[in-house]
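The structure appears below as structure tokens.
The values are calculated or read from the model by the stated rules, or taken from the named source; none is laboratory data. This structure is a prediction, so every number in the text was calculated from the model and none was measured. With ideal geometry, Cβ positions are generated from the backbone for all residues, glycine too; neighbour counts draw on all protein chains shown. For accessibility, only protein heavy atoms count, side chains too; no ligands or nucleic acids. Shrake-Rupley method; radii C 1.70, N 1.55, O 1.52, S 1.80 Å.
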Amino acid sequence: MHRLAGLFAAFIILCGSSHTPALAQDKTLTVFAAASMKNALDDIDAAYTARTGVKIVASYAASSALAKQIEQGAPADVFVSADTDWMDYATAKTTINEPTRVNLLGNRLVLIAPKDSGIDKVAIGPGFDLARLAGDGKIATGDVNAVPVGKYAKAALEKLGAWQAAEPKFAMAESVRAALTLVARGEAVLGIVYATDAKVEPGVKIVGTFPADSHPAIIYPVAATTTAKAETADYLAFLRSSAAKTILEKYGFKFLVSPTS
């Protein structure tokens, strides 16, 4: 009888230990975020984990790729897009919990060159001749048909009358960070990225800023997915906090909401 009781106790202990990883997993949130968010969001996630014990697993890519991954069933709790179009797409596919959606951040579109480039202080306005400026070199940005930064870039260049001549010189990258890398390595003589990206890459310099009215407003909406864990609401609240605002503004983002705490 004692031996049976001992076996039963051992069985209970084993069962209990097998549940421990599941409990740990419950304290993890998965965030799908636009590539340009990486440095700032890594800092925010570290602060959030330190405060709550909840681990954040972040996946960074172009908003277009992330929206489609979520549509295909990728297990994300939060989606942060670099434009409203891809958040609208996710909402239309019913993968986003629409009441949780907030337009959180703004950004600026800039022209960059390698740090040691002879190109400097470019005035960007109507009649801006980007093709001539690039010469025989390539211009890097995100895919203009899908990646938000590329869509903003094309819109700006069309409005300024520079797109048609410059289009053949473009190297389309899979994300804004991939475009940034091409310029930092000198594989492209110019690039169009967000101001926040240029700020974190020592291998490039900003040579011009696109007028805000030359392209649609750069807006980063954030929302929970329809499959989000209950803890997601607290994380979204933290993204709107004064602590998050301080971090995001340090990286050059514009905070578009009133801090919640």
inquiry  = Strictly greater than 16 Å: what percent of every Cα pair in segment 131-182 meets that?
reply    = 35 percent
request  = Note down the nm distance, to one decimal, between modelled labels 7 Å out along Cα→Cβ at Thr28 and at Arg185.
outcome  = 3.1 nm
key: Contact order normalised by residue count of the chain, Cα under 8 Å, 6+ apart, percent   = 26 percent
inquiry  = Show me the three semi-axes of the equivalent ellipsoid for segment 19-151, from the C-alpha gyration tensor (sqrt of 5 times each eigenvalue), largest first, rounded to whole Å.
reply    = 36, 19, 13
ask   = Per-residue ellipticity at 222 nm for the chain, helices alone: DSSP H runs ≥ 4 residues times -39500 (n - 2.57), over residue total, nearest 500 deg cm²/dmol?
value = -12500 deg cm²/dmol
Computed Rg/Rh of segment 171-261, alpha carbon atoms with Kirkwood Rh = 1.05
ask   = Under the classification rounded if a/c is under 1.5, otherwise prolate if a/b is larger than b/c and oblate if not, where does segment 162-212 fall, given a ≥ b ≥ c as square roots of the Cα gyration tensor eigenvalues?
value = oblate
request  = Name the residue farthest towards the positive end of the dipole of segment 121-256 from the options Ser214, Ala166, Thr226, assuming +1 on Cβ of Lys and Arg, -1 on Cβ of Asp and Glu, about the Cα centre.
outcome  = Ser214
task = Please give the helix 38-52 orientation as an angle from the longest Cα principal axis of the chain, in degrees from 0 to 90, rounded to the nearest 10.
result = 30 degrees
note = For segment 54-118, averaging the sequence separation of alpha carbon pairs under 8 Å that lie six or more residues apart and dividing by its residue count, the contact order in percent is 26 percent
note = Given unit charges at Cβ for Lys, Arg (+) and Asp, Glu (-), the dipole magnitude of the chain about its Cα centre in debye, nearest 20, is 400 debye
ask   = How large is Rg/Rh for the chain, to two decimals, with Cα atoms and a Kirkwood Rh?
value = 1.12
request  = Rounded to the nearest 10 degrees, what's the angle between the helix 148-160 long axis and the longest principal axis of the chain, both from Cα atoms, 0 to 90?
outcome  = 20 degrees
query = Taking amide hydrogens as modeled 1.01 Å from N in the peptide plane, which residues meet the under 5 Å criterion relative to Leu29, leaving out close sequence neighbours?
reply = Lys55, Ile56, Val57
ask   = If you wrap segment 66-122's Cα atoms in a convex hull and average its projection over all directions, what's the area in nm²?
value = 5.9 nm²
request  = When a/c is below 1.5 the answer is rounded, else prolate if a/b is larger than b/c, else oblate, so apply that to segment 99-172 with a ≥ b ≥ c taken from the square roots of the Cα gyration tensor eigenvalues.
outcome  = prolate
task = Please give the length that would be gained between Lys115 and Thr49 if that part of the chain were fully extended, namely 0.36 nm times their separation in residues minus their C-alpha to C-alpha distance (nm, one decimal).
result = 20.2 nm
Positive dipole terminus of segment 50-190, leading residue within Val102, Thr84, Phe128 (C-beta point charges) = Val102
ask   = Do the alpha carbons of any pairs in Lys68/Lys151; Lys68/Lys169; Lys27/Lys151; Lys93/Lys250; Lys93/Lys151 sit beyond 26 Å of each other, and which pairs?
value = Lys68/Lys169; Lys27/Lys151; Lys93/Lys250
remark   = Mean accessible area per residue over segment 40-194 (1.4 angstrom probe, all protein chains present, square angstrom) is 43 Å²
Percent carbon-and-sulfur accessible area, the chain, ignoring ligands, DNA and RNA, probe 1.4 Å = 56 percent
note = Of all DSSP beta bridges having both residues in the chain, the percent classed as antiparallel (nearest 5) is 55 percent
task = Averaged over every viewing direction, what's the projected area of the C-alpha convex hull for segment 108-261? Give it in nm², one decimal, please.
result = 10.1 nm²
query = What nm distance separates the two modelled labels at Lys93 and Glu231, each placed 7 Å from Cα along Cα→Cβ?
reply = 2.6 nm
